Structure formats: C-alpha cells, structure tokens
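Below you'll find the structure, written out as structure tokens, and then a few comments.
The values are calculated or read from the model by the stated rules, or taken from the named source; none is laboratory data. Bear in mind the structure is a predicted one, so any value in this text is a computation, not a measurement. Because the Cβ atoms are built from the backbone with ideal geometry, glycine has one as well, and the counts that use them run over all protein chains shown. What goes into the accessible areas is simple: the full protein's heavy atoms, side chains included, and nothing from ligands, DNA or RNA. Shrake-Rupley method; radii C 1.70, N 1.55, O 1.52, S 1.80 Å.
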Amino acid sequence: MTPCLELLQCPPLAAVRGLARHGLAHLGVAEGGVMDAYALQQANALLGNEAGAAALELVSGPLRLRLHGLAELRVMQVGALFEMRIDGQLQPPHLVRRLREGQELQVQGPLQGQYGLLCVQGGLTPRLLGAPELGAHERLPVRAGVAALRQRGLRSPNAQPPLALLPGPEYERLDEASRAALWQAEWRVAPNSSRMGLRLQGPALRGALPELLSHAVQPGLVQLPPDGQPIVLAAGAAATGGYSRIGQVAAVDLWKLAHLRAGSPLRFAPLDLDSARELALQRQQGLAWLRKKLGCTST
C-alpha cells in the first residue's frame, strides 16, 4: 500500500495548507496559507521538513487518522492547543511524536486558541485548485524522512495581545477621539469572525473617511467599515477590498491571529515602519538559525 494517513473522521473546515503565496495578487490570487505561519515553520524545522511544507490546519475536532504503509511517521501538533492521543494515549503538547503503522491518531479541541496545525514528517501535498477542505475516508500521501527523531518541542507561545500596528493610509482621517480609542480600547473578537478576518467589537471609530475605489489588501490590514467596528484581515482574506485602511498589523505578529477566538480581548500597540522591518529581519534570522542548529539541509 502507498504510504498514507487515512482520514477516519474529519472535522469541518480541516484543510491542507502551507505558507502564503506571494507575487500573484495582480492576478487576483490572494495570499492564503495557514493562520499561524510561525508555528508551521518552527515545526517543519523540528521535523526536518522544508520550511514551507504543508500541514493539516484544524479549527475543531474530532480528527481521527490511521497510518498505513509506513513503519512509523513523526507528527507534531502546534499552533492553537489541541488534545492529541495515539491509540488513546494522551500525548504532551508541542512535541514531536512517533505514529507507528496501524496506530490511530486522535485530535480534539481546541483547548486554547482557534487555529491549530498537525504537521507530519515530509509534509503533506496542498491542493492547488478546488476546495482545500477535506472529508472522511480520504487518504493523505506521506513519505518516509531521513532525519533522526529530535526529542525537542516548542514552548507554548505568548499569543497575548497587544498586536503591533502601523498606522494605515486613512489613519489620519479618523477624528481625534477615534485615533485615541484605537490604541486605548480593549477590543473583543466578534463571533462572526473567520479566516477571512477578525471582526472587532468596541467603540465605533469615526472620521472624515473618503469613499475608496477597490484596492489591494493583505493579511493584517485593519479595515474600517461604515459601522465603525474594525476588521483585521487574516490569512483567508481576498486580494482586494474597499474599506478605509486605518492600520496594518506587523508581519511578526500575524501568527497571533490564529490564537484569538470569539470573545478574546485584543489591544493594539503603535509601531513604526523601521522597527517593523527590523523585527521581521530578526524573525527570519531566528528561523534560519533554528534550521541550521537542527541540521536542516532543505530550505
């Protein structure tokens, strides 16, 4: 049998996703990708995978998988915290584990956060066309790896806000009270949030905001619709939008959006462009150091 993970039970919205697609927005193709790219890249380093190897993104459980055609496969659950069991045995979070042929992997949750990832040795194959969501009884191809098992894991990340925010093109068009409220208010994530964007609940922001033609948007952009309640675009955002752009979440903090669920509190902290670039460079250097330290040969 071809090595695979058989989906015995698959929760709604489970999908195979990798890192964002860049350079295609002019064709109307959105970036997409996982909600927590930082966790994906760290887990891939620990599993000996390419940095952008795709994983199974989960919003809920239960998920049940069985390994076929391979003596063993390394797996790791990262991002939002889910409960993971192998043949009923509870596994410690954020650690590389061995799944042996015929064993069943069960995932339930989330216990904390919203969007989790199940990463596997060798990575999964993302779907380039059609709906990325999966259904029960599908088989996900897997392959054996060559790197030795690393008895290491990830520390639970500090996903607490504030989110570092750069002022957007229409920020100065907000009135003085609204500019102050953007930074001072404790916002709450609304129940109708999704992968496309987190809708926030708080004081209504107002100002002399212009009507805009459709324009390019990207994950992390903070839009202001007519009701004055901000929307933080997330990984599933479209390539274009039309609302006023009052801010942009710094790239280094985009992963935090995966850990915010309905009702979660959220605050913004101001950041300038030079500082945002420096933090992004430090993040890239840190991931490169991790891969080098772990002996990852693929990029």
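Some notes on this structure:
- Proximity of backbone amide H atoms, modeled 1.01 Å from N, is registered between Ala164 and Ala250, Ala269 at under 5 Å, excluding neighbours fewer than 5 places apart on the same chain.
- Cα shape, segment 55-128, gyration tensor, a/c 1.5 rule: oblate
- Helix-only [θ]222 nm of the chain, DSSP H runs n ≥ 4, -39500 (n - 2.57) each, per residue, nearest 500: -4500 deg cm²/dmol
- Within the listed set Ala251, Ala39, Ala15, the Gaussian network model of the chain (springs between alpha-carbon atoms below 10 Å) gives the highest mean-square fluctuation for Ala251.
- Working note: Cα atoms of the chain, range along each principal axis, descending, whole Å: 64, 37, 37.
- The GNM of the chain, with springs linking C-alpha atoms under 10 angstrom apart, assigns the highest mean-square fluctuation among Gln108, Gln91, Gln285 to Gln285.
- The packing ranking, built from the mean of other Cβ atoms within 10 Å per residue, places the peptides 61-67, 41-47 in the order 41-47, 61-67, highest first.
- With all protein chains modelled, accessible area of Glu101 [1.4 Å, Å²]: 110 Å²
- Probe 1.4 Å, all protein chains present, accessible-area order of Lys292, Lys256, largest first: Lys292, Lys256
- Largest first, the residues Glu6, Glu72 sort by 1.4 Å accessible area into Glu72, Glu6.
- Residue of Leu174, Leu224, Leu200 that the Gaussian network model of the chain assigns the largest fluctuation, springs spanning Cα pairs under 10 Å: Leu174
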